[in-house]
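What follows draws every value from the coordinates through simple rules; no lab data is involved. Owing to the predicted nature of the structure, the values given are computational and were not obtained by experimental measurement. No Cβ is skipped: glycine too gets one built from the backbone with ideal geometry, and neighbour counts run over all protein chains shown.
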Amino acid sequence: MRTAGKTTVVTSVLAGVAVAMAPAAGAQAAPAWYAYHGQTAQQSIERVNELKDKGYRPITVNVSDGERYAAVWVKDGSSREWGIWQGMSAGGFQKRFDAAVKEGAQPVSVSATGPADSPVFTAVFEKKGGAFLTRSGLTPARFGAANKQALAKGLALTSVDAYGTPGDIRYVGVWTANTGGAWYYTYGKSLKQHEAEVHAKKAKGFRPVRVAVAPDGTYAAVWRKDGVRSWAHYVDMNASGYQKRFDELKKKGLAPVQVNAENGKYAAIWQ
């Protein structure tokens, strides 16, 4: 999967299994952004329709744990055309990808959950130009190789998620033209190793800009040296712990820019 393009993606949703509506889990609102987590497939569809109608657009999506959805949306006046899809099989994602490419769009956030032979995907596509590379179903070794290839081509990892099972981890990633300066990636790191990376990278001026929790509890991350000073990053949170951090950081004026979960463990980045 790789290309660039120039036409339109129609905003749409591929519905998952419909379930009875329930109170939104973790929904919070702010004038310029909106975030939610723990949503069923049907709740997620309702959120998409509601937020689209209010002029918001999704910047990051996540699916985990039996098809529970999380996302962050912004309302920034952008006229960028976009589409969001959920409940896709691997074949469905490939079909949507091929259609988007023909329409001149590319994925900007992709997430998956479930075993390698029967995953569920969700993705946001945007109308935008520039070189990019998308790969899914990657074993750890192939993921590492893909990052090295991308680096050599001047691309940077801008979306990453891990799925599969503890004994068969798979990665899905999107690499786009690197316009943000120095970057680095890590994967397969235990909690302690990831925390050590945070401190080591911070000392060198890097910060985490993407993070993914794998089914075996390890972490993948993208690190940027971009000069941003006001940010926060937390991992190893359950849903209520994430909500607590969310509330605390909201009071400090920080908004989530990425949220990821697997097996009930959340990781997120604010700025």
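Compute the Cα gyration tensor for the range 181-269, then decide on rounded, prolate or oblate, letting a ≥ b ≥ c be the square roots of its eigenvalues: rounded whenever a/c is under 1.5, prolate when a/b is larger than b/c in the other cases, and oblate in all that remain.
On the way: a/c = 2.03, a/b = 1.09, b/c = 1.87.
It is oblate, given that a/c is not under 1.5 and a/b is not larger than b/c.
Summary value for the chain: 17 percent relative contact order, contacts being C-alpha pairs under 8 angstrom separated by 6+ residues. Bridging of residue 153 to aspartates and glutamates at a Cα separation below 17 Å is possible for none of them, once same-chain residues fewer than 8 apart are set aside. In terms of other Cβ atoms within 10 Å, 233, 199, 194 run from fewest to most in the order 199, 233, 194.
The peptide list 201-211, 33-43, put in order of mean Cβ contacts within 10 Å with the highest first, becomes 33-43, 201-211. For residue 72, the residues whose modelled amide H falls within less than 5 Å of its own, excluding neighbours fewer than 5 places apart on the same chain, are 59, 60. With only Cα atoms counted, the range 83-213 has Rg and Dmax values of 15.0, 43 Å.
Using the alpha-carbon positions of the chain, Rg (one decimal) and Dmax (whole number) come out as 17.1, 49 Å.
Of all lysines in the structure, the ones whose alpha carbon falls short of 20 Å from that of residue 204, not counting any fewer than 8 places away in one chain, are 189, 192, 225.
Residues whose amide H falls under 5 Å from that of residue 131, counting only those 5 or more places apart or on a different chain, are 177, with hydrogens built in the peptide plane. For the range 258-266, the Karplus equation 6.51 cos²θ - 1.76 cosθ + 1.60, evaluated at θ = phi - 60°, returns couplings of 7, 9, 9, 8, 6, 6, x, 9, 9 Hz by residue, with Gly and Pro reported as x. Ignoring lysines fewer than eight residues from residue 52 along the same chain, the ones with Cα atoms less than 20 angstrom from its Cα are 75, 127, 128.
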